[in-house]
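The values are calculated or read from the model by the stated rules, or taken from the named source; none is laboratory data. The shown structure was predicted, so the numbers you read here are calculated from the model rather than taken from an experiment. Quick reminder, even Gly has a Cβ in these numbers, built from the backbone with ideal geometry, and neighbours come from all protein chains shown. The protein model used for the area step is the full one, side chains on, heavy atoms only, and it has no ligands, DNA or RNA in it. Shrake-Rupley method; radii C 1.70, N 1.55, O 1.52, S 1.80 Å.
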Amino acid sequence: MTYLRYAPDIETPAPDEQTSIEGIIQGMTQQSQVVEKRQHHAVRASHAKSSACVVGELVIPEGLPPELAQGLFARPGTHKVAVRFAQGPGETLGDRVSTHRGMSIKVFRVTGEKLPGHDVDTQDFVLATGTTFPSGTAAGFLRDGTVIGKATGLPEGVKSAVAATARNLNRMLHAFGTESAMADFLGHPYSHPLADSYFSQAPMRFGDYVAKLGAVPASQAQWDLAEWRLDPHGDEDGFRHAAAAFFRDHEVVYELKAQLWADAERQPIEDASVDWPVAISPYRTVATLRLPRQDAYSPERVRYFDEVMTFRPAHSLSEHRPLGSVMRARLQVYRALSDFRHRANGVTAENTATPDSIPA
């Protein structure tokens with residue numbers, strides 16, 4: 001297999017992209033203001049409701065082939081990590097509104113040249129369920145975000161009905177061997193958060209190459225959760241309770257995988273709505289994420305993860321620079337919305353430099 005090399009000119013921004021990004025920031029800030037007024041507290045504009053806040057290790061093995069031994073993964077070793085699992089909406093809703101989920105990973109003691117503005121030795125990977133970002137580009141992000149923003153003020157029952165409709169649509173499509181990424185984004189199954197796989201959805205530089213990343217469950221105990229489903233009428237915080245209970249009794253293991261760029265036509269850089277075919281380039285393991293048994297929802301740790309700590313695509317080595325329209329938007333949007341949230345709550349944001357800062 002021949003993989004395509006990274007070069008600065010593989011990105012081709014649309015002429016009006018910055019206007020779209022500014023529109024996204026304006027719209028999502030207004031959405032956050034609506035939520036802050038209702039909840040009397042500002043929360044993340046996406047993935048607001050955490051289900052587990054944990055620490056562990058990322059183990060990079062010896063002997064990776066040259067095309068995988070890139071960037072962070074060029075040197076075998078073990079790094080401390082902090083990982084936050086969360087529900088998708090940018091507001092605190094009951095779990096009957098089951099949408100996409102997020103998994104944010106902060107890797108510590110990562111040396112090397114960083115992106116401008118990132119001044120500590122960490123690398124963040126911000127992942128979500130689904131292998132694609134349905135909006136595709138910054139312009140699509142603005143279009144779809146505007147619709148979602150207008151729905152922020154609607155009653156929770158309406159949002160639950162929309163999620164149920166989307167979930168039922170995909171259930172029907174599954175009978176025909178397909179599914180809608182947007183339907184999954186709006187109405188994810190009531191599956192266990194630790195049984196799901198999570199993906200970067202958009203590409204990033206991977207040293208001399210380009211890749212998308214995925215985190216895939218890798219323990220028997222997690223595989224045994226494949227048929228687990230929450231009763232949304234029995235527990236409005238059921239995903240959190242299920243994740244915390246699992247962490248009390250089990251180690252959680254993920255394989256971190258890279259899908260390398262091999263075909264410029266069928267694996268576009270600029271459109272994150274296109275699923276990169278695994279027949280062209282499969283996901284290949286580059287590290288193992290090990291999260292030991294622990295209290296995954298202690299009050300002090302949750303406050304630190306939810307109110308103080310920041311996870312951003314911009315917290316990155318230059319060798320893992322986010323690429324493409326959606327990623328360029330995220331570089332600006334995450335910072336702007338984090339600034340609003342911390343300012344509204346009177347909390348100083350922290351680009352956490354060491355795992356010693358994290359409460360037990």
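Got a sec? Which of Ala86, Ala128, Ala139 is closer than 17 Å to Tyr334 by Cα, modelled with pLDDT of 90 or more, open to solvent by 20 Å² or more (accessible area, probe 1.4 Å) and out of contact with any Leu (no Cβ under 9 Å at 6 or more places or on another chain)? Can you show your working first?
Values: Ala86 fails: open to solvent by 20 Å² or more (accessible area, probe 1.4 Å); Ala128 fails: open to solvent by 20 Å² or more (accessible area, probe 1.4 Å).
Selected residue: Ala139, the only one of Ala86, Ala128, Ala139 that is closer than 17 Å to Tyr334 by Cα, modelled with pLDDT of 90 or more, open to solvent by 20 Å² or more (accessible area, probe 1.4 Å) and out of contact with any Leu (no Cβ under 9 Å at 6 or more places or on another chain).
A quick yes/no check of all residues on (1) under 30 Å from Pro155 (Cβ atoms); (2) open to solvent by 80 Å² or more (accessible area, probe 1.4 Å); (3) acidic (Asp, Glu):
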residue	(1), (2), (3)
Glu11	no, no, yes
Thr19	no, yes, no
Gly23	yes, no, no
Gln33	yes, yes, no
Ser51	yes, no, no
Gly56	no, no, no
Glu67	no, no, yes
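Tell me whether the stretch 328-345 contains one or more residues that are at positive phi, out of contact with any Cys (no Cβ under 8 Å at 6 or more places or on another chain) and not hydroxyl-bearing (Ser, Thr, Tyr). Steps first, please.
Residues of the stretch 328-345 that are at positive phi, as a first pass: none.
Checked the stretch 328-345: no residue is at positive phi, out of contact with any Cys (no Cβ under 8 Å at 6 or more places or on another chain) and not hydroxyl-bearing (Ser, Thr, Tyr).
Got a sec? Which of Ile60, Ile105 is out of contact with any helix residue (DSSP H, G or I) (no Cβ under 8 Å at 6 or more places or on another chain) and either in contact (Cβ under 8 Å) with a residue 24 or more places away in the chain or of a type in the set (S, T, N, Q) (or both)?
Details: Ile60 fails: out of contact with any helix residue (DSSP H, G or I) (no Cβ under 8 Å at 6 or more places or on another chain).
Among Ile60, Ile105, only Ile105 is out of contact with any helix residue (DSSP H, G or I) (no Cβ under 8 Å at 6 or more places or on another chain) and either in contact (Cβ under 8 Å) with a residue 24 or more places away in the chain or of a type in the set (S, T, N, Q) (or both).
Which one is surrounded by the fewest Cβ atoms within 10 Å (Cβ to Cβ) among residues in the stretch 95-124 that are under 15 Å from Lys80 (Cβ atoms) and out of contact with any strand residue (DSSP E or B) (no Cβ under 6 Å at 6 or more places or on another chain)?
Once the filter is applied, the top-ranked residue is Thr111.
Pull out all pairs, ordered by first then second residue, where Cβ-Cβ is under 8 Å, the residues are six or more apart or on different chains, the first lies in the stretch 156-177 and is under 20 Å from Gly90 (Cβ atoms), and the second is among the acidic types (Asp, Glu).
Ala166/Asp184
For the stretch 179-193, enumerate the residues that are in contact (Cβ under 8 Å) with a residue 60 or more places away in the chain, buried (at least 20 other Cβ atoms within 10 Å of the Cβ) and part of a loop (DSSP other than H, G, I, E, B).
Within the stretch 179-193, Gly187, His188, Pro193 qualify.
Please indicate, with yes or no, whether at least one residue in the stretch 264-280 is surrounded by fewer than 23 Cβ atoms within 10 Å (Cβ to Cβ), more than 18 Å from Ala202 (Cα to Cα) and in contact with a Ser or Thr (Cβ under 8 Å, 6 or more places away or on another chain).
No, there is no match, as no residue in the stretch 264-280 is surrounded by fewer than 23 Cβ atoms within 10 Å (Cβ to Cβ), more than 18 Å from Ala202 (Cα to Cα) and in contact with a Ser or Thr (Cβ under 8 Å, 6 or more places away or on another chain).
Starting from the stretch 320-338, keep only residues that are in a loop (DSSP other than H, G, I, E, B), then list their pairs with residues that are among the hydrophobic types (A, V, I, L, M, F, W, C) and buried (at least 23 other Cβ atoms within 10 Å of the Cβ) whose Cβ atoms are within a distance under 8 Å, requiring at least 6 positions of separation or different chains.
Matching pairs, first to second residue: Arg321/Met204; Leu323/Ala202; Leu323/Met204; Leu323/Val210; Gly324/Ala202; Gly324/Ala272.
Against the definition (acidic (Asp, Glu) and outside any helix (DSSP H, G or I)), how does Asp196 come out, yes or no? Step through it out loud before you land on a result.
On the way: acidic (Asp, Glu): yes; outside any helix (DSSP H, G or I): yes.
Taking the combined requirement at face value, the residue satisfies it.
If you check Val286, Val347, which single one turns out to be closer than 29 Å to Met28 by Cβ and open to solvent by less than 40 Å² (accessible area, probe 1.4 Å)?
On the way: Val286 fails: closer than 29 Å to Met28 by Cβ.
Checking each option against the conditions leaves just Val347.
Grab the helices (runs of 4 or more DSSP H) fully contained in the stretch 212-309, keeping just those with 2 or more residues being over 19 Å from Pro359 (Cα atoms). Full working, then the answer.
Details: elements: 220-223, 238-249, 299-303.
So the answer is 220-223, 238-249.
Can you find a residue in the stretch 140-151 that is within 21 Å of Gln30 (Cα to Cα), part of a loop (DSSP other than H, G, I, E, B) and more than 16 Å from the chain's Cα centre (by Cα)? Reasoning before the result, please.
Just the residues of the stretch 140-151 that are within 21 Å of Gln30 (Cα to Cα), to begin with: 140-151.
Filter again for part of a loop (DSSP other than H, G, I, E, B), leaving 151.
Still in the running and more than 16 Å from the chain's Cα centre (by Cα): 151.
There is at least one residue in the stretch 140-151 that is within 21 Å of Gln30 (Cα to Cα), part of a loop (DSSP other than H, G, I, E, B) and more than 16 Å from the chain's Cα centre (by Cα).
Does Val216 fit the bill of being closer than 27 Å to Pro89 by Cα and either crowded, with 19+ Cβ neighbours inside 10 Å or at pLDDT below 95 (or both)? Let's see the steps before the verdict.
Details: closer than 27 Å to Pro89 by Cα: yes; either crowded, with 19+ Cβ neighbours inside 10 Å or at pLDDT below 95 (or both): no.
When the stated conditions are applied, Val216 does not pass them.
Tell me, please, whether a residue that is of a type in the set (A, V, I, L, M, F, W, C) and under 21 Å from the mean Cα position of the chain (by Cα) can be found in the stretch 155-167.
Yes, the conditions are met somewhere in the stretch 155-167.
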